[in-house]
Amino acid sequence: MYYPTYTRRSDPFGMMRSMLRDVNRFIPTNSDQSVFPAVNVWQGDDAVAVTAELPGIDPSDIDISVKDNVLTISGERKAPDVPDAARWHRNERRFGKFTRAIRLPFAASDDKVEARMTAGVLRIVVGRPDEDKPRKIEIKAA
Amino acid sequence: MTDQMTHTPETVEKTPAQGPETMAGGRIYQPLTDIVETDEGVTLMLEMPGVSAEDVDVTLEKRVLTVRGKIQGTHPEKLQLAYAEYGEGDYERAFTLSDDFDPDKIGASVSHGVLTVTLPRAAEAQPKKIAVTGS
């Protein structure tokens with residue numbers, strides 16, 4: 001890389017500034033924006049399943065909705081009850097409201113969606129509607 | 001099937017633990033942990049999604065508190081993994097405690113995939129200061 005400002009010896013910090021400009025370009029500004037929850041998507045012939053890790057969240061605090069082919073998971077992670085006098089040594093967990101929309105490969109009807117929560121892992125199974133399934137065409141004899 | 005977010009997800013999440021490999025080839029993760037201290041003792045909250053109460057192992061030996069959790073996989077029947085943002089694996093993490101705690105008094109409970117470990121400070125275990133005398 002060529003730093004034209006460096007050729008001006010009167011400005012010793014020119015090269016530094018020029019390098020920092022280059023570095024800043026590679027650092028995304030929205031790095032603190034995180035996606036929660038992380039999801040795994042499972043596919044089969046008759047259904048699609050979405051699993052997500054939602055530790056510490058009561059199932060009643062989670063809202064799942066399906067509209068056409070978009071599945072939305074939203075809710076709130078509530079911070080634990082801690083006395084005010086407590087000292088925090090570590091705070092790695094995150095709390096607050098979250099929302100996540102996932103596009104499904106087909107439009108699902110509400111009665112074909114089933115959600116279950118075990119040990120902080122949410123599993124949503126969306127059945128494929130019959131009209132979306134491939135139809136086998138019989139060949140008639142002439 | 002694509003996610004609506006355009007950038008790659010940057011979840012603040014569990015990280016694979018450093019250490020020896022497992023025999024079965026599964027991964028081991030470090031659970032995200034909150035540690036809070038009050039006058040009564042220390043409370044640890046560890047995120048271990050997929051772990052039920054009977055699969056947790058908490059030990060305290062020579063001031064090192066080790067927490068292990070075995071997960072029950074979530075592979076749905078007849079379905080193949082098509083897109084993955086998180087990995088599944090057992091959990092393991094160890095902490096060196098600053099004080100001595102009575103291993104018999106440690107309490108542990110699991111609720112919705114979060115393990116809460118309580119280390120109560122016994123009354124007689126209050127720090128005793130030893131006076132150093134000069135000769």
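The values are calculated or read from the model by the stated rules, or taken from the named source; none is laboratory data. Given the structure is predicted, the values throughout are model-derived calculations rather than measurements. As a convention, Cβ positions derive from the backbone with ideal geometry for all residues, glycine included, and neighbour counts pool all protein chains shown. Heads up: the accessible areas ignore ligands, DNA and RNA and are worked out on the full protein's heavy atoms, side chains in. Shrake-Rupley method; radii C 1.70, N 1.55, O 1.52, S 1.80 Å.
What is the number of the single condition among (1) surrounded by 14 or more Cβ atoms within 10 Å (Cβ to Cβ); (2) within 12 Å of chain A (Cβ to nearest Cβ); (3) outside any strand (DSSP E or B) that B:Phe101 does not meet?
Every condition holds for B:Phe101 apart from (2).
How many residues, within region B:29-44, are hydroxyl-bearing (Ser, Thr, Tyr) and open to solvent by less than 20 Å² (accessible area, probe 1.4 Å)?
Count: 2.
Residue by residue, here is whether (1) surrounded by 14 or more Cβ atoms within 10 Å (Cβ to Cβ); (2) at pLDDT below 65; (3) hydroxyl-bearing (Ser, Thr, Tyr) holds:
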site	(1), (2), (3)
A:Phe13	no, no, no
A:Met16	no, no, no
A:Gln33	no, yes, no
A:Ala49	yes, no, no
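Hey, among A:Asp68, A:Asp58, which residue is more than 20 Å from B:Leu79 (Cβ to Cβ) and at the interface with chain B (Cβ under 8 Å from one of its Cβ atoms)?
A:Asp58
Can you report the number of residues in region A:78-111 which are without any contact (Cβ under 8 Å) to a residue 24 or more places away in the chain and not in a loop (DSSP other than H, G, I, E, B)?
Here the count works out to 8.
Report the residue count in region B:96-123 for those that are out of contact with any helix residue (DSSP H, G or I) (no Cβ under 9 Å at 6 or more places or on another chain) and of a type outside the set (Lys, Arg).
Residues in region B:96-123 being out of contact with any helix residue (DSSP H, G or I) (no Cβ under 9 Å at 6 or more places or on another chain) and of a type outside the set (Lys, Arg): 12 in total.
Of the numbered conditions (1) under 24 Å from B:Ala82 (Cα atoms); (2) open to solvent by less than 90 Å² (accessible area, probe 1.4 Å); (3) out of contact with any Phe, Trp or Tyr (no Cβ under 7 Å at 6 or more places or on another chain); (4) not acidic (Asp, Glu), A:Arg116 fails exactly one; give the number of that condition.
(2) is the only condition that A:Arg116 fails.
For region A:71-108, enumerate the residues that are at pLDDT 85 or above, facing another protein chain (nearest Cβ under 8 Å), in contact with a Ser or Thr (Cβ under 7 Å, 6 or more places away or on another chain) and open to solvent by 70 Å² or more (accessible area, probe 1.4 Å).
Passing the criteria: A:Arg90, A:Arg103.
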